[in-house]
Every structure is written in C-alpha cells, then in structure tokens.
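The values are calculated or read from the model by the stated rules, or taken from the named source; none is laboratory data. These numbers come from a predicted model, not from an experiment. Note: ideal-geometry Cβ built from the backbone for every residue, glycine included; neighbour counts use all protein chains shown. Accessible surface areas use protein heavy atoms only, side chains included; no ligands, DNA or RNA. Shrake-Rupley method; radii C 1.70, N 1.55, O 1.52, S 1.80 Å.
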Amino acid sequence: QVQLVESGGGLVQAGGSLRLSCSAFGTVFGASAMGWYRQAPGKQRELVANIRSGGTTDYADSVKGRFTISRDNVKNTVTLQMNSLKPEDTAVYYCAAVIAGNSYWGQGTQVTVSS
C-alpha cells in the first residue's frame, strides 16, 4: 500500500511563488520516477514536471524556466518550486509516482493564481 500526500497549494497573485511538496508513505522501495501533473477545469490532465531516480528531469514547455522539480530519494519526497506564476497555471496539481512498476497518485492540491 502506497499513499502520496501533497501539501503547499493555495492562492497567489500573478508573479508570485508557491512550493508544492509530496511525500510517499507505505511500502516504498524507491520510486523510479516522481512528478507533478495538473488539471485545469475543462482540460485534460497534463504533465508539469517529472524527475527520475537518477535525477534527470522533464518539464512542460509552458513551465520551463519558472518551475523546478527536486526529490529526496531517502525521504521519498518530491518538491515543485513554482516561480513567476501566471493565471494559466491555475489548476489542481497531482503528485504521481512509479514504484515497482505501479503508478500512484495523490489526492490533488488546488493552485489558484489571480491576475
């Protein structure tokens, strides 16, 4: 049983910053990949950023240069630092992890950026 617990969402003005954190609990032997997805109203869920166990990262073009993903392989946590936020970043953000070949999702945390 694996549980992903997110924290750090909220309301921020455009140009501001937020930091999202996700902790993996349970039978975790080391996630091969951890990342963040987001889903805005009426839109499909999309990848925001992904980080593999070796540290290589992927970012959506829309967040490159503004968001930074990092992870702690010992604590099984992943963090998303979001700077220069825009109203179009408003969405529910989901933590995701691939552990032993299985995918797991957090419950989601709301990020709202006001203009």
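Scan segment 57-78 residue by residue and report those that are in a strand (DSSP E or B), surrounded by 13 or more Cβ atoms within 10 Å (Cβ to Cβ) and not β-branched (V, I, T).
Correct list: D58, Y59, F67, S70, R71.
Could you tell me which numbered condition F29 fails, if it satisfies all but one of (1) open to solvent by 40 Å² or more (accessible area, probe 1.4 Å); (2) modelled with pLDDT under 95; (3) part of a strand (DSSP E or B)?
Of (1) open to solvent by 40 Å² or more (accessible area, probe 1.4 Å); (2) modelled with pLDDT under 95; (3) part of a strand (DSSP E or B), only one is false for F29: (3).
List the number of the failed condition for A100; all other conditions in (1) touching a Ser or Thr at 6+ places or on another chain (Cβ under 8 Å); (2) surrounded by fewer than 18 Cβ atoms within 10 Å (Cβ to Cβ); (3) modelled with pLDDT under 95 hold.
Against the list (1) touching a Ser or Thr at 6+ places or on another chain (Cβ under 8 Å); (2) surrounded by fewer than 18 Cβ atoms within 10 Å (Cβ to Cβ); (3) modelled with pLDDT under 95, A100 comes up short only on (1).
Checking the conditions here, which among G42, G54 is in a loop (DSSP other than H, G, I, E, B), on the phi > 0 side of the Ramachandran plot and either open to solvent by 30 Å² or more (accessible area, probe 1.4 Å) or among the acidic types (D, E) (or both)?
Checking each option against the conditions leaves just G42.
Which count do you get for residues in segment 79-93 that are surrounded by fewer than 21 Cβ atoms within 10 Å (Cβ to Cβ), hydroxyl-bearing (S, T, Y) and under 19 Å from K43 (Cβ atoms)?
1
Would you mind finding the one in L4, L20, L47 that is of a type in the set (A, V, I, L, M), part of a strand (DSSP E or B) and without any contact (Cβ under 8 Å) to a residue 24 or more places away in the chain?
Unique residue meeting the criteria: L47.
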